[in-house]
Amino acid sequence: SGLAQKGGAVLSHVRVSRTPDEVAAAQIVTGEADLLMAADTVVAASKDGIVLMSPDRTRAILNTHLAPVSGFVFNRDFDFRETDIVRTIEKQDSGETLRLDFGKLAEKVCGDTIATNIMMVGYAAQKGLLPVSVRSLERAIELNGVSVAANKLAFGWGRRFAEHPSEAAGLLTADDAGGIEPASLEDIIERRAA
């Protein structure tokens, strides 16, 4: 893996393989990425991120949740250029770019946007975009030993949203439609259990 600091956000390169002998180098070279998981599309669309992609092999999963950048703090009319950024990534995607507001979903179902990244990993795993099994990824979460239950929950939700996109869409539009809050603890438990 390799890290590159980019305007306060980190661009991470992670190599994942079925067996250790398939990882020949620590860095991902130009045009050799199989998957771009962009928790922050601005960073992913930077030169350092785009050069790793190839329209012949790379797939992309984008978190459409806009994180405030320093330019926005100082200028409320700051233009994120989200359309241009997404278009830049889509040009390098070998398939249909998968887009979802993982930040909002993580906050709704896990209670915190910190779950966004691991939710995206679950989503990618369910879509078959990672070269390791779901069980291996769950075991890695256990071996990491940090917030195991919360990370497994986020991972599971990511898998569920990949399998049931209409459920994710429903959760995302609930607020927009003036979603109704459950009236009691029992209602909350019933809703979450479902």
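Observations on the model:
- Test: I114 is out of contact with any Gly (no Cβ under 8 Å at 6 or more places or on another chain), open to solvent by 20 Å² or more (accessible area, probe 1.4 Å) and over 19 Å from R57 (Cα atoms): yes
- Some residue of region 145-160 being in contact (Cβ under 8 Å) with a residue 60 or more places away in the chain and farther than 20 Å from T41 by Cα: no
- From the options A125, A162, A168, residue that is farther than 21 Å from V14 by Cα, touching a Lys or Arg at 6+ places or on another chain (Cβ under 9 Å), modelled with pLDDT of 95 or more and not charged (D, E, K, R): A162
- Pairs where the first residue, in region 87-113, is without any contact (Cβ under 8 Å) to a residue 12 or more places away in the chain and the second is open to solvent by 30 Å² or more (accessible area, probe 1.4 Å) and of a type outside the set (A, V, I, L, M, F, W, C), C-beta under 6 Å, 6+ apart: E107/T113
- Test for K152: is it of a type outside the set (D, E), open to solvent by 40 Å² or more (accessible area, probe 1.4 Å) and modelled with pLDDT of 95 or more: yes
- Taking first residues from region 167-194 that are within 15 Å of E107 (Cβ to Cβ) and part of a helix (DSSP H, G or I) and partners that are at pLDDT below 80 and open to solvent by 90 Å² or more (accessible area, probe 1.4 Å), the Cβ contacts under 9 Å between residues at least 6 apart in sequence or on separate chains come to A174/I180.
- Wholly enclosed helices (runs of 4 or more DSSP H) of region 1-109 bearing at least 2 residues surrounded by fewer than 16 Cβ atoms within 10 Å (Cβ to Cβ) and at pLDDT 70 or above: 47-50, 82-91
The values are calculated or read from the model by the stated rules, or taken from the named source; none is laboratory data. Here the structure is a predicted model, which is why all the values come from computation and not from measurement. Neighbour counts run over all protein chains shown; Cβ positions are idealised from the backbone, glycine included. Accessible surface is based on the protein model in full, side chains and every heavy atom, while ligands, DNA and RNA are left aside. Shrake-Rupley method; radii C 1.70, N 1.55, O 1.52, S 1.80 Å.
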